[in-house]
Every structure is written in C-alpha cells, then in structure tokens.
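**Q** Got a structure for you, questions after.
The values are calculated or read from the model by the stated rules, or taken from the named source; none is laboratory data. All figures in this text were calculated on a predicted structure; none of them were measured in a lab. Using ideal geometry, Cβ is built from the backbone for each residue, glycine included, and neighbour counts are taken over all protein chains shown. Ligands, DNA and RNA are excluded from the accessible area calculation, which covers all protein heavy atoms including side chains. Shrake-Rupley method; radii C 1.70, N 1.55, O 1.52, S 1.80 Å.
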Amino acid sequence: MKLYIKTFSFLFTLSVLATGVKTYAQDFKPGHFPDRVILTWAGDPATSQTVNWRTDTTIKASKAQIKAEDSNPALEQSITNYDAASNLLGSGNNYEIARYHHVTFNNLKPATVYAYRVGSGEHWSEWFQFTTASVKSIPFSFIYLGDAQNDIRSKWSRVIRKAFSHQPDARFIIHTGDLINRSNNDQEWGEWHYGGGFINGMVPSIPSPGNHEYVRDDKRKLVLDPHWGVQYTFAGNGPKGLEESVYYVDYQDMRIISLDSQMIILDEASAKAQYEWLEKVLKENTKLWTVITFHHPIFSTAKSRDNKEFRDRFKPLFDKYYIDLVLQGHDHTYSRGQNLPRGLSGRDLSGPVYLVSVAGPKMYKVDGAKWMDVSLENTQLFQVIHVDGKNLKFEAYKTSGELFDAFSLKKGDRNSAAAFTDMNPAQKP
C-alpha cells in the first residue's frame, strides 16, 4: 500500500507539472556538504579572496584549502588550510536554521590562478578556481546584471549562464539589487544560488541590495534580509551600521562603490551618512575609473518612479568627482543616457553614463523620459564591460547573445570626464 501511494503521488506530481496546473517548489535545505559557495572580497583583490558557503548545523567547524593552480591532480598536496568563521542563521517563517561559513585567503600572489575547496571531514565541495587581480593596469572585463527577482531558477538562470559563457574570464559580477522577490525567503535564495551555480564559486560577486531585500519589522523599522550578511562578506569599509550593504572595492585601476538606495530613499539618517561617506571615499580616490552601483535609478524610465530627492542630493557628487558609470536596476527595462537635462535651456554634455537594466523576467514599460538616449522593453539582458588602460567599452546583450547597445569611454585622467563615443549597432549606417 505504501509503495502504491508513493508511486501514485509521484505520477500525480508529474502529471500536474506536465499540464501546468500546479508546480512545486524545489527543496533547498542545507546538508552536510557545502553549498551556496560564493566569492566576495573583504580585502585587496590582488592579494586576497573571500569565500562564503553554507552547511547544516551538524557541521560545527569548517575549513577551506587553497593552493596555486599547477595542473597537478594531486590537489591535496602542498595546500594551505584556513579555519572558517561561522555564523548561525536562525529559523524563520520561510527558512530553516543553517550554518554559514566564510574564509578570507590572504597573502596571495597577484595575477595568479588558485584552486580551492571548502568543507570538513568527509564532506567537501569540488575544487574551484579563481584568479587574483594584477597590481598593474592590465585589461579585464566584468559583468553587470539588473534585477533577477522573479522566476529565478526557471528564467533568470539562463541569463547569468549566458553572460558567463559569453565572457568566461570576467573578473567579477555586479548585481544591482532585487536579487530575490521576498525578503527572508530561503527558497528564493536557493534559486538564486542554484542559478549562479559554480559561476558564483569562480567569479566574485559585488551585490547591492534592493527594496525586495528589505522588510519592516514589528516596529516598522527597515531590516535587511538576514541572509545578506551571512552569505556575502565585504571589507566593512562602509558607514557605521551599513557595512553589510555600503562598501567599495578597488580592482586594479577602478574603484567600484556600492550604495544602499533603499535606505537613502526611506531613511534620512542613512541618506546623510551615505552622502558624507561617499564624498570622503570619492575625495580620497586615486583610481582612474570610478563606477557607482545601487538599485533605485536617480533617472527613472517611468514618471511614477522618479527619485528626485535622491537625484538632487547625490548627482552633484557624481558630477564633481567625474564618475564614469552609474549602474542601476529597479525599473525592469533597459535605458542609457549621458547628456542629461539641464533645466529648459539644453542638455549637459558631461557627467556619468547612467544605465538601467533587467536580467529577470519581470518587465515594466518605458514612459519616454527625456533623459534616455537608448531604451528597450520586455527584454532580459546582460552587460559586459571591458577595461583596457584609459579605454572602457560597454556592451549590452540580449539573452539570445545579440548585441543591442554599446558605447566607449576614453579617460584622460581621474579629474576629468571621460570622452563618450556611441557604438550602438542601430546608429551604424
């Protein structure tokens, strides 16, 4: 009888899935073996690398092992062992208790391929690889992805995988918020990690939180999803109290700065703290290129989603310190603009290039705002940015692999705006 019931249940599930009547969520419960292995940076990308992973609570202590890649299959020889720091993520309404671990590998050689694995006892991950940054200004590329948010496993997965297959030597991936749809939901985080898979363990992530990574507690206070702080480990160089979501990374001759736009828009104290911190970080910046990333666009593709106070407050800083790219999400469209409105008298011919993009399947309409030079609806995209000394090339691709938009920037020095050249395929004769 038990066998019959199990068989009937299995066949019923297959039948329901086939007819599209109902689908069942995949189980992403933690186990003895490490999962959700993901690289971030808590130190210098040329000499360090941080790795984060998850297990169930039976794994009390965990380790990471690393060696310079020599192509020898005897990987367990001549390794360096690191003891992991661990954090317990308590049970909630939408997730079970789990243990998250992280290690920062230090004293690494620049521009070197390393192999590493994580685990303990008999429960180890596969061996992954990563490449440290150079101390010189050598060419590199990175990927920029807008919101994943919905149908992550089903429909977003192919976008990050296409981006990786297109640019397998990408040095990092910028995620501009709303990585999931419902804060504190472990199943959705499971889908996000599933979609990235081994890519997350080889290419470091630089994520910024969106509004969907936040929830208000019973006192109406904004609270960042507790998964965020345990699965991403950063340098802690942000303003006090915002170190998990506001930070910067220096990669070769580029400074990448992550802001928490949800807290800027909805919390005055946080907005002030981020503004003061950002001005200091920009003033002390010695890198040639500067990229700022956050979730809510300061120039929106929809009239109803305008963030005027955010724009009025922060745009002068972007202009003063010659920011090159502002990478954003939230609007679930693609848009690009540089020559931005200046009252009624004309258009400002300098300033950052502002980008909005979407990687997931949730789509909005474009209202036809005047700031956009290029826009696109109802299309999932990924972006690849190539940096070679004083030259930067930006490419936006449809998920099919078709090039949709492109431009280049040429930088004289960090105290001047980059020269812009439109390379959009539609502009070619």
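**Q** What is the ratio of the Cα radius of gyration of the range 75-118 to 2.2 N^0.38 Å, where N is its residue count, to two decimals?
**A** Computed over Cα atoms of the range 75-118, the ratio equals 1.65.
**Q** Report the semi-axes of the equivalent ellipsoid for the range 66-171 in whole Å, largest first, where each axis is √(5λ) for an eigenvalue λ of the Cα gyration tensor.
**A** Calculated on Cα positions only, the semi-axes equal 27, 25, 14 Å.
**Q** Quick one: which residues, 5 or more positions from T57 or on another chain, have an amide H under 5 Å from its amide H? H modelled 1.01 Å from N in the peptide plane, none for Pro or chain starts.
**A** R99
**Q** Any idea how far apart E69 and D319 come out in nm if each label point goes 7 Å out from Cα toward Cβ?
**A** So the two model labels end up 4.6 nm from each other.
**Q** Report the extension gain between S400 and D367 in nm, rounded to one decimal, defined as 0.36 nm multiplied by the number of residues separating them, less their alpha carbon distance.
**A** That pair, S400 and D367, stretches by 9.3 nm at full extension.
**Q** Using every pair of alpha-carbon atoms in the range 232-340, split the distances into 10 Å bins beginning at 0 and state the percent of pairs per bin, rounded to integers.
**A** 14, 49, 33, 5
**Q** Sticking with this structure for a sec: Could you name the aspartates and glutamates in cross-link range of K60, using Cα to Cα under 17 Å and dropping any fewer than eight places away on the same chain?
**A** Leaving aside aspartates and glutamates fewer than 8 places away in the same chain, those within reach of K60 are D35, D83, E96, E122.
**Q** Amide H of S205: which non-local residues (sequence gap of 5 or more, or other chain) have their own amide H closer than 5 Å, using H built in the peptide plane?
**A** Those lying under 5 Å, H to H, from S205 are L39, T40, I173.
**Q** Considering every Cα-Cα pair within the range 99-155, what fraction, in whole percent, is farther apart than 15 Å?
**A** 70
**Q** Right, another one. If amide H atoms are built 1.01 Å from N in the plane of the peptide, which residues on other chains or at least 5 residues away come under 5 Å of the amide H of D405?
**A** Amide H neighbours of D405, under 5 Å, 5+ apart: A396.
**Q** Leaving ligands, DNA and RNA out of it, work out the accessible area of Y194 with a 1.4 Å probe and give it in Å² to the nearest 10.
**A** 100
**Q** How large are Rg and Dmax for the range 174-263 when only the alpha carbon atoms are used, in Å?
**A** Over the range 174-263's Cα set, Rg and Dmax evaluate to 13.4, 44 Å.
**Q** With θ taken as phi - 60° and the coefficients 6.51, -1.76 and 1.60, list the Karplus ³J(HN,Hα) couplings across the range 165-177 in order, rounded to whole Hz; mark glycine and proline as x.
**A** 5, 6, 10, x, 9, 4, 8, 6, 10, 8, 10, 9, x
**Q** Report the extension gain between A269 and R158 in nm, rounded to one decimal, defined as 0.36 nm multiplied by the number of residues separating them, less their alpha carbon distance.
**A** 36.0 nm
**Q** Per 10 Å bin, what percent of the C-alpha pairs of the range 269-412 does each bin hold, from zero upward?
**A** Distribution as computed: 11, 41, 36, 13, 0 percent.
**Q** Over the Cα atoms of the chain, how large are the radius of gyration and the largest Cα-Cα distance (Dmax), in Å?
**A** 22.1, 81
**Q** While we're on this one: If R₀ is 41 angstrom, what is the calculated FRET efficiency for the pair N81 and D151, using the beta carbon separation as r and rounding to 0.05?
**A** It comes out at approximately 0.55.
**Q** Just to confirm the number: angle between the C-alpha axis of helix 186-196 and the first principal axis of the chain, 0 to 90 degrees, nearest 10?
**A** 70
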